[in-house]
Every structure is written in structure tokens, then in C-alpha cells.
Amino acid sequence: MSPPNASENHLLSNPIRGRLNSATLRTIDGYAHRLIGGRKHALFADLPKQVVEIGPGTGANLRYYRPGTWLVAIEPNLHMHRPLRAAARRRGIDLELRAETAEQMVLPEASVDAVVSTLVLCTVPDPVAAVREIRRVLRPGGRLLFVEHVRADGSYGRVQQLAARPWHWFFEGCDVRRDTERTIRDAGFASVDLQHYDLRSAFLPINPQIAGTATR
Ligand SMILES: C[S@@+](CC[C@H](N)C(=O)[O-])C[C@H]1O[C@@H](n2cnc3c(N)ncnc32)[C@H](O)[C@@H]1O
């Protein structure tokens, strides 16, 4: 099967929500940085020169990368591309932008040392396939570094239940009830090291989060 091209991806065909999401990400960029910047700084501290990032959106993570980083950005929503390019120029990042999907990256097997995913495994249509594909492109010893929101029990679980449908529509497929920890743990990595935390943001359904690394 050939990899999907830009015109085949459903995200590219929604002119309203694609733009809306791009605008939303830019609007909350500073707020997200204040909430989670410290955690991301620590997580991304020793990234190699080449980084593959799936779903980078408008470039929220670029401020944590060293200037001169070669970033292979797998971003199917074309409305993210212009702000992402601008962020790369501002941060001195060498950007290779690809309108591919995380489920089918046109990258050779065992060819990269680090893949980054932040708030993406909630949105990709097939998270199991995406993590399988990430593992495929990583070299033995290569790492997936992730920050993801996850399904919860208790009061957050009830909030997620109520918010699930409108959230899914507004944020182009984002599912606040995904068990992303299970998806990562079941993917066959040699080790998985993660922490659970409460983001304490105004966006209640995505407050239960995990961050960590999965090593091939
Ligand atoms: C909630 S946004 C997160 C953006 C950014 N990573 C951040 O932390 O702000 C989800 C991103 O995943 C992208 N995305 C959706 N489906 C995807 C897929 N199949 N493969 C790769 N990225 C995808 C969206 O276009 C969007 O940029």
C-alpha cells in the first residue's frame, strides 16, 4: 500500500476546523508554555541533532530544541505549515516539513534516534498504528519522548465523558478518553519510563497527563 498523500488525509480537507485549530494552538501557546515548559525543558534536554516530531502543529515545542536542530516534522494539517515554518525561522531550527501521517511515515526502518509526540496520540486516527510506526523508524536504543493527556477515572473521568463529543468535533478528532499509556506500553518497546501528573489547566478534560520516554 502506498503512503497517503496530502490530498488523501481527512485533516487537510476541513478548511474551517483546520484553520481554527491552527489559530487555537497559536493563541494558547504562551499559556501552554507556562503550564508545561519546565517539564518539556527537562524531557527534551538531551535530544540529538536530528529529531522527528509527529503532529508538531504550529511549533509549540521548537523553543525547547537547540538552535541548529534538524527537525523532520510530520504534519498532515496544511494550515499548521505557515506558522510552523515561521516558528522554525525564529528559533533557528532546520525544518524538513512533510505532509505525511504518523501512521505511515516515509522514513526507513531503524533510521532515527528520537521521535517527539506531544498531544498527538489523542488525535491520530489510529494510535496503535502510529506507535508501531514510531517504533519501526527508531534505531535500537532510540527513544520516543512523549507528553500526552490520558483517560481518567473519578471526577476527571466524568468531565471527559461529558466533553468527549464536542471536544472530538472541535479539536479535529481529539479523543480525551484514550488509554495512551496502554498503547505505548503494549507497543513492544524495551523500556517505558513515564510520570503521571495533573496539568491543572483550564482545559479540564486534558488535565490527566503522562510524560516520559519509550526506548526501542
Ligand atoms: C492537539 S494538536 C498538538 C500540536 C502540538 N504537538 C502541540 O503540542 O501543541 C494535534 C496535532 O496532531 C496533528 N495530527 C493529526 N492527525 C495526525 C496524524 N495522523 N499524523 C500526524 N499528525 C497528526 C494535528 O494536525 C495537530 O497538529
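The values are calculated or read from the model by the stated rules, or taken from the named source; none is laboratory data. Since the structure is predicted, the reported quantities are computational estimates derived from the model, not experimental observations. Neighbour counts run over all protein chains shown; Cβ positions are idealised from the backbone, glycine included.
Sort through Arg132, Arg89 and tell me the only one that's over 16 Å from Lys49 (Cα atoms) and away from the ligand (no atom under 14 Å from the Cβ).
On the way: Arg132 fails: away from the ligand (no atom under 14 Å from the Cβ).
Arg89 is the lone residue from the list that is over 16 Å from Lys49 (Cα atoms) and away from the ligand (no atom under 14 Å from the Cβ).
So, in segment 69-114, how many residues would count as being of a type in the set (D, E, K, R), more than 25 Å from Ala214 (Cβ to Cβ) and touching a strand residue (DSSP E or B) at 6+ places or on another chain (Cβ under 9 Å)?
First, the residues of segment 69-114 that are of a type in the set (D, E, K, R): 75, 82, 85, 89-91, 94, 96, 98, 100, 103, 109, 113.
If we keep only those that are more than 25 Å from Ala214 (Cβ to Cβ) too, we end up with 82, 85, 89-91, 94.
If we keep only those that are touching a strand residue (DSSP E or B) at 6+ places or on another chain (Cβ under 9 Å) as well, we get 85, 89, 94.
Qualifying residue count for the region: 3.
Considering only residues of segment 94-109 that are hydrophobic (A, V, I, L, M, F, W, C) and assigned to a strand (DSSP E or B), which is nearest to the ligand (Cβ to nearest atom)? First the steps, then the outcome.
We begin by selecting, within segment 94-109, every residue hydrophobic (A, V, I, L, M, F, W, C); these are 95, 97, 99, 102, 105-107.
Those left that are additionally assigned to a strand (DSSP E or B): 95, 97.
Values: Leu95: 14, Leu97: 12 Å.
Checked segment 94-109; the qualifying residue nearest to the ligand (Cβ to nearest atom) is Leu97.
Cβ-Cβ below 8 Å, separation at least six or inter-chain, first residue in segment 112-123 and closer than 18 Å to Gly142 by Cβ, second assigned to a loop (DSSP other than H, G, I, E, B) and more than 7 Å from the ligand (Cβ to nearest atom): which pairs?
Asp113/Pro48; Ala114/Leu47; Ala114/Pro48; Val116/Phe44; Val116/Leu47; Leu121/Arg178
Just to check your reading of the model, which residue among Arg34, Arg39 is in a helix (DSSP H, G or I), charged (D, E, K, R), within 13 Å of the ligand (Cβ to nearest atom) and closer than 28 Å to Pro208 by Cβ?
None of the others qualify; the one that does is Arg39.
Show me the helices (runs of 4 or more DSSP H) found entirely inside segment 124-208 where at least 2 residues are in contact with a helix residue (DSSP H, G or I) (Cβ under 8 Å, 6 or more places away or on another chain) and within 18 Å of Ala102 (Cα to Cα). Can you show your working first?
On the way: elements: 127-137, 154-170, 180-185.
Hits in segment 124-208: 127-137, 180-185.
Results for (1) surrounded by fewer than 19 Cβ atoms within 10 Å (Cβ to Cβ); (2) modelled with pLDDT of 95 or more, shown as yes or no for each residue.
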residue	(1), (2)
Glu133	no, yes
Arg143	no, yes
Val150	no, yes
Gly154	yes, yes
Gly173	yes, no
Asp179	yes, yes
Arg185	yes, yes
Asp193	yes, yes
Arg200	yes, yes
